[in-house]
1. Quick check on my filter: what residues within the stretch 51-79 are closer than 24 Å to ASP184 by Cβ, among the hydroxyl-bearing types (Ser, Thr, Tyr) and either touching a Lys or Arg at 6+ places or on another chain (Cβ under 8 Å) or not in a strand (DSSP E or B) (or both)?
2. Here is a list: ILE150, ILE232. Which entry is surrounded by 18 or more Cβ atoms within 10 Å (Cβ to Cβ) and β-branched (Val, Ile, Thr)?
3. Got a sec? Which of ASP118, ASP167, ASP172 is farther than 18 Å from PHE69 by Cα, touching a helix residue (DSSP H, G or I) at 6+ places or on another chain (Cβ under 9 Å) and loosely packed, with under 15 Cβ neighbours inside 10 Å?
4. Being in contact with a Leu (Cβ under 7 Å, 6 or more places away or on another chain) and without any contact (Cβ under 8 Å) to a residue 60 or more places away in the chain: is that true of VAL52 here?
5. Taking the residues in the stretch 121-140 that are under 13 Å from ARG93 (Cα atoms) and among the hydrophobic types (A, V, I, L, M, F, W, C) as candidates, determine which candidate is surrounded by the fewest Cβ atoms within 10 Å (Cβ to Cβ).
6. Could you please give the count of residues in the stretch 25-52 that are in contact with a Ser or Thr (Cβ under 8 Å, 6 or more places away or on another chain) and at positive phi?
7. Just for the stretch 94-107: of the residues that are in a helix (DSSP H, G or I) and over 12 Å from LEU129 (Cα atoms), which one is least open to solvent (accessible area, probe 1.4 Å)?
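The values are calculated or read from the model by the stated rules, or taken from the named source; none is laboratory data. All values derive from a computational prediction rather than experimental measurement. Glycine gets a Cβ as well: all are built from the backbone with ideal geometry, and neighbour counts include every protein chain shown. We work out accessible area using only protein heavy atoms, side chains counted, and drop any ligands, DNA or RNA first. Shrake-Rupley method; radii C 1.70, N 1.55, O 1.52, S 1.80 Å.
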Amino acid sequence: MPNAAAPATEGSDRSVPLHVAIIMDGNGRWAAARGLPRAEGHRRGVDALRRVVRAAHELGVLYLTIFSFSSENWSRPATEIGDLFGLLRRFIRNDLATLHSDGVRVRVIGEREGLEPDICTLLNEAEELTKTNTKLNLVVAFNYGSRQEIAGAAQRLAREVAEGKRDPASIDADALGQYLDAPDIPDPDLIIRTSGEQRLSNFLMWQAAYSELVFVPIHWPDFDKAALESAIAEYARRERRFGGLAAKTGS
């Protein structure tokens with residue numbers, strides 16, 4: 001994702017954000033409140049994802065980034081991790097054809113080293129099949145952590161300096177940004193977190209420098225088009241200043 005001073009809609013009169021990122025939180029709490037196993041909450045969360053991908057396209061969002069599996073999630077019980085990976089496998093196998101026919105391009109950010117070979121194969125297949133699609137970019141943050149992403153970019157720059165390929169004085173925010181996982185994707189205009197928590201949890205911390213943050217109380221399995229529209233309406237009401245004069249988001 002790029003690293004300009006502000007997200008892609010700066011200076012525009014666009015009431016719908018170009019790029020929406022979502023921290024999909026609350027699957028386990030949704031299930032617990034209903035006396036259901038956590039696996040059922042994750043399954044219903046996949047249903048919510050299908051709804052939101054469709055809604056984002058209908059509303060005119062061009063980039064949708066979802067936090068599907070954090071690098072910190074490895075500390076969860078092995079059975080739950082197995083359930084999450086199983087859902088990912090089924091989602092790609094069952095939904096990839098539909099995403100492709102709907103013109104959705106799938107991008108994946110995060111570490112792939114150490115993942116099971118079939119998972120890596122599925123992620124690669126999803127990206128390769130959909131790489132020419134243009135209606136919606138679905139960016140999947142999988143085995144992702146923002147601190148690790150930034151550290152990796154710094155390591156690459158340090159390696160270039162050590163090899164004599166780069167002058168240290170040339171390293172600035174734009175230079176570091178070009179070594180993040182997807183430097184061609186605009187920074188998110190709007191980041192939504194469900195389930196009432198109010199933190200980024202190591203998600204897109206570099207890219208979120210000027211993002212609007214909206215925290216909604218409902219758990220992710222209950223998130224739908226109406227909830228997305230409500231978050232976008234909140235975004236459109238705000239004045240975005242970017243360190244200077246206010247920039248209108250709506251008309």
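1. SER71
2. On inspection, the qualifying residue turns out to be ILE232.
3. On inspection, the qualifying residue turns out to be ASP167.
4. Judged against the criteria, VAL52 is not a match.
5. So, considering only residues that are under 13 Å from ARG93 (Cα atoms) and among the hydrophobic types (A, V, I, L, M, F, W, C), the one surrounded by the fewest Cβ atoms within 10 Å (Cβ to Cβ) is LEU129.
6. Matching residues across the stretch 25-52 total 1.
7. My answer is ASP95.
Table: residues versus (1) open to solvent by less than 40 Å² (accessible area, probe 1.4 Å); (2) modelled with pLDDT of 95 or more.
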| site | (1), (2) |
| --- | --- |
| MET1 | yes, no |
| ALA4 | no, no |
| GLU10 | no, no |
| ASP13 | no, no |
| GLY28 | yes, no |
| ARG34 | no, yes |
| VAL52 | yes, yes |
| GLY60 | yes, yes |
